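Take a look at the structure below.
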Amino acid sequence: MTKLPLQQPDVNLSPASQAPPRFQVYTQRNLDQIQQLQCLSEELRFDIRVVAQVLPFRVNQYVIDELIAWEDVPNDPIFRLVFPQREMLDPAHFSQIADLLRANAEQSVLKHAAAEIHRELNPHPAGQTTQNVPRIGNEYLEGAQHKYRETLLFFPSQGQTCHSYCSFCFRWPQFVQNEAFRISSREVATLHEYLQSHTEVTDLLVTGGDPMVMSSARLGEYLRPLTAPAFAHLQTIRIGTKSLTFWPHRFVTDKDADDVLRLFDELVKAGKHLALMAHFEHGREMENDLVHKAVRRIRDTGAIIRTQAPVLRHINDDPVVWASMWQRQVEMGMIPYYMFVERDTGARRYFELPLKRAWEIYQQAIQRVSGLGRTARGPSMSANPGKVELQGVAHVRGERVFVLRFIQARNPEWVQQPFFAKYDPQATWLDQLRPAFGEEKFFFEA
Ligand SMILES: *Cc1c(COP(=O)(O)O)cnc(C)c1O
Ligand code: SF4
């Protein structure tokens, strides 16, 4: 393989960050070792411990040292993004676990109680495990979803974890120790077989967890073969990742950082459109030098970086946060792509916002950025029938309505057809909306 003249990681590394990367990971098991937590009240620490029994929690030293502003804790957005918060659980569930902890209950008892609560948190929204699983003959292609004709969603089994966990993460069932919940794939070969025989698939979306937790060698096993002529129909490869926030070292100082970039370069040279779908919830995640360096190195390969995030109460429910985030992304050469609506699963009770509020945030944020920042789609719900964007609130003949459209749909004919729902200032998800104008059903329910 010819070595590429990769841009050297010439960031101003402070002496501390020149030391080997400290990839110490904390979970509910070693919570006590997080030095900074000792400064928090005992009550707050107990809350964290309780919620962590139910919702997966994981954080690394980089997030603790570089991203969280501890002087602003507990209100710091990055703290809230990764540390469990009391209000994430229903008060009854919270007390149940709290009582067990106070009584020094056995691990097995705690696990059992947590598993019961999991079942009430809608672990599989939008028919993930039943409706979208593709097949080769009679065999299910595990770890994949083929919901939209041209796009295959693939979850490599080795990518079913993350550098740190977001507290809003809807992949939480994959992260809790419950095998039955897990969507994963062991087979590189079946993926390739499926793609080869499905020439309607133009887009492969590799997601997780975070596929960038994989070594470059492993990632290459999945992706490198796709440069062969048999996959000419596959034009686009997307990789969903939050590594630019949680571990930008992945592209700069990691042992195989250069190998990852070479893989990207090969895919681009082979004519693939390679897009990193980077998750950023807050501008604070883009301040570190290392992130800037990582973005430049990725872009030097010819890969595109598009950005997406859910709009979340307590974290980014402010148009100013979004506007400055998008503006910053444009400056850095990234393309704002999606604003998502918090899904109807997991810790939704802490994060969810009325759809109406999500739309106001979007509109006010978009008004503050230039055209190049207006590429982000409005608040979108990844719901069972498809991805539905709330386009706005309108008055039609005296009735106040939500204007909606499918960005993606199970049935390609639904895409881009506007439809209307009764205005509902409290609704937080598609299934709470009713058709406007006295209609019985939405057109896609017929
Ligand atoms: C969002 C999503 C995609 C990608 O949709 P685009 O509109 O192409 O970005 C693909 N599959 C599933 C299941 C999704 O939720
Ligand atoms: S980065 Fe993505 S996969 Fe990782 S915890 Fe956050 S939402 Fe989940």
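Select from region 124-138 the residues that are part of a loop (DSSP other than H, G, I, E, B) and more than 16 Å from ligand 1 (Cβ to nearest atom) and list them in ascending order.
As a first pass, look at region 124-138 and keep what is part of a loop (DSSP other than H, G, I, E, B): 124, 128-134, 137-138.
Listed by number, the residues that qualify are Gly137, Asn138.
Condition check: buried (at least 20 other Cβ atoms within 10 Å of the Cβ) and either more than 23 Å from the chain's Cα centre (by Cα) or at pLDDT below 95 (or both). Does Gly271 satisfy that? It would help to see each step written out before you state the result.
Working: buried (at least 20 other Cβ atoms within 10 Å of the Cβ): no; either more than 23 Å from the chain's Cα centre (by Cα) or at pLDDT below 95 (or both): yes.
Here the answer is no, as Gly271 does not meet what is asked.
Considering only residues that are acidic (Asp, Glu) and either under 29 Å from Phe57 (Cβ atoms) or without any contact (Cβ under 8 Å) to a residue 40 or more places away in the chain (or both), which ones fall in region 338-371? If you could, list the steps in order and put the result at the bottom.
Going residue by residue through region 338-371, those that are acidic (Asp, Glu) are 342, 344, 352, 360.
Across region 338-371, the qualifying residues are Glu342, Asp344, Glu352.
Under 7 Å between Cβ atoms, which residue pairs at least 6 apart in sequence (or on different chains) link something in region 197-219 that is without any contact (Cβ under 8 Å) to a residue 40 or more places away in the chain and within 18 Å of Ala230 (Cβ to Cβ) with a partner that is in a loop (DSSP other than H, G, I, E, B) and away from ligand 2 (no atom under 13 Å from the Cβ)?
Qualifying pairs under 7 Å: Thr199/His233.
Looking at region 368-446, what strands (runs of 3 or more DSSP E) fall wholly within it and have at least 1 residues that are more than 16 Å from ligand 2 (Cβ to nearest atom), in contact with a Lys or Arg (Cβ under 8 Å, 6 or more places away or on another chain) and among the β-branched types (Val, Ile, Thr)? Spell out how you get there, then give the answer.
On the way: elements: 377-382, 386-396, 399-409, 419-422.
Counting at least 1 such residues, we get 386-396, 399-409.
Kindly check whether there is at least one residue in region 304-324 that is buried (at least 19 other Cβ atoms within 10 Å of the Cβ), more than 21 Å from the chain's Cα centre (by Cα) and not small (Gly, Ala, Ser).
No: zero hits.
Enumerate the pairs (first residue in region 160-173 and under 7 Å from Gly208 (Cβ atoms) and in contact (Cβ under 8 Å) with a residue 24 or more places away in the chain; second residue anywhere and among the β-branched types (Val, Ile, Thr) and near ligand 2 (Cβ under 7 Å from one of its atoms)) with beta-carbon separation below 8 Å, excluding pairs fewer than 6 apart on the same chain, so at least 6 apart or on different chains.
No pair meets every condition.
Would a scan of region 182-196 turn up a residue that is within 16 Å of ligand 2 (Cβ to nearest atom) and either more than 20 Å from Leu141 (Cα to Cα) or modelled with pLDDT of 95 or more (or both)?
No, because not a single residue in region 182-196 is within 16 Å of ligand 2 (Cβ to nearest atom) and either more than 20 Å from Leu141 (Cα to Cα) or modelled with pLDDT of 95 or more (or both).
Name the helices (runs of 4 or more DSSP H) wholly inside region 35-109 in which the number of residues that are under 21 Å from the mean Cα position of the chain (by Cα), touching a residue at least 24 places away in the same chain (Cβ under 8 Å) and under 21 Å from Thr161 (Cα atoms) is 2 or more.
On the way: elements: 42-54, 77-82, 91-102.
Where helices (runs of 4 or more DSSP H) fall fully within region 35-109 and carry at least 2 residues being under 21 Å from the mean Cα position of the chain (by Cα), touching a residue at least 24 places away in the same chain (Cβ under 8 Å) and under 21 Å from Thr161 (Cα atoms), they are 42-54, 77-82.
Assuming Thr236 fulfils every condition listed in (1) modelled with pLDDT of 95 or more; (2) within 14 Å of ligand 2 (Cβ to nearest atom); (3) among the hydroxyl-bearing types (Ser, Thr, Tyr) apart from one, which condition is it?
Going through (1) modelled with pLDDT of 95 or more; (2) within 14 Å of ligand 2 (Cβ to nearest atom); (3) among the hydroxyl-bearing types (Ser, Thr, Tyr) one by one, Thr236 breaks only (2).
Consider region 210-219. How many of its residues are surrounded by fewer than 18 Cβ atoms within 10 Å (Cβ to Cβ) and either within 16 Å of ligand 1 (Cβ to nearest atom) or closer than 15 Å to Phe154 by Cα (or both)?
Summing the residues that are surrounded by fewer than 18 Cβ atoms within 10 Å (Cβ to Cβ) and either within 16 Å of ligand 1 (Cβ to nearest atom) or closer than 15 Å to Phe154 by Cα (or both) in region 210-219 gives 1.
Let's see how each residue does on (1) in contact (Cβ under 8 Å) with a residue 60 or more places away in the chain; (2) of a type in the set (A, V, I, L, M):
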| site | (1), (2) |
| --- | --- |
| Ser243 | yes, no |
| Phe251 | no, no |
| Lys255 | no, no |
| Leu276 | no, yes |
| His282 | yes, no |
| Arg299 | no, no |
| Gly302 | no, no |
| Val320 | no, yes |
| Glu331 | no, no |
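Pick from Ala113, Ala126: which is closer than 24 Å to Phe155 by Cβ, out of contact with any Gly (no Cβ under 7 Å at 6 or more places or on another chain) and aliphatic (A, V, I, L, M)?
Working: Ala113 fails: closer than 24 Å to Phe155 by Cβ.
After ruling out the rest, the residue left standing is Ala126.
Could you pull out the residue among Leu312, Leu372 that is touching an Asp or Glu at 6+ places or on another chain (Cβ under 8 Å), of a type outside the set (Ser, Thr, Tyr) and more than 16 Å from ligand 1 (Cβ to nearest atom)? Don't jump to the end; show me each part of the working.
Details: Leu372 fails: touching an Asp or Glu at 6+ places or on another chain (Cβ under 8 Å).
Testing whether each residue is touching an Asp or Glu at 6+ places or on another chain (Cβ under 8 Å), of a type outside the set (Ser, Thr, Tyr) and more than 16 Å from ligand 1 (Cβ to nearest atom) leaves just Leu312.
With the requirement that a residue be assigned to a loop (DSSP other than H, G, I, E, B) and out of contact with any Ser or Thr (no Cβ under 7 Å at 6 or more places or on another chain), what does region 202-224 give you? Talk me through it step by step, then tell me what you get.
Going through region 202-224, the residues assigned to a loop (DSSP other than H, G, I, E, B) turn out to be 202, 207-210, 214-215.
Selection gives Thr207, Gly208, Met214, Ser215.
If I filter region 139-154 for residues that are hydrophobic (A, V, I, L, M, F, W, C), within 16 Å of ligand 2 (Cβ to nearest atom), touching a residue at least 12 places away in the same chain (Cβ under 8 Å) and assigned to a loop (DSSP other than H, G, I, E, B), do I get at least one hit? Before you say what the answer is, go through the steps one by one.
To start, the set of residues in region 139-154 that are hydrophobic (A, V, I, L, M, F, W, C) comprises 141, 144, 152-154.
Next cut, within 16 Å of ligand 2 (Cβ to nearest atom) only: 153-154.
Add one more test, that the residue is touching a residue at least 12 places away in the same chain (Cβ under 8 Å), and what stays is 153-154.
Retained after the next criterion (residues that are assigned to a loop (DSSP other than H, G, I, E, B)): none.
The answer is no; no qualifying residue exists.
The values are calculated or read from the model by the stated rules, or taken from the named source; none is laboratory data. Predicted, not measured: the structure shown is a model, and the values here were computed from it. All Cβ positions, glycine included, derive from the backbone under ideal geometry; neighbour counts span all protein chains shown.
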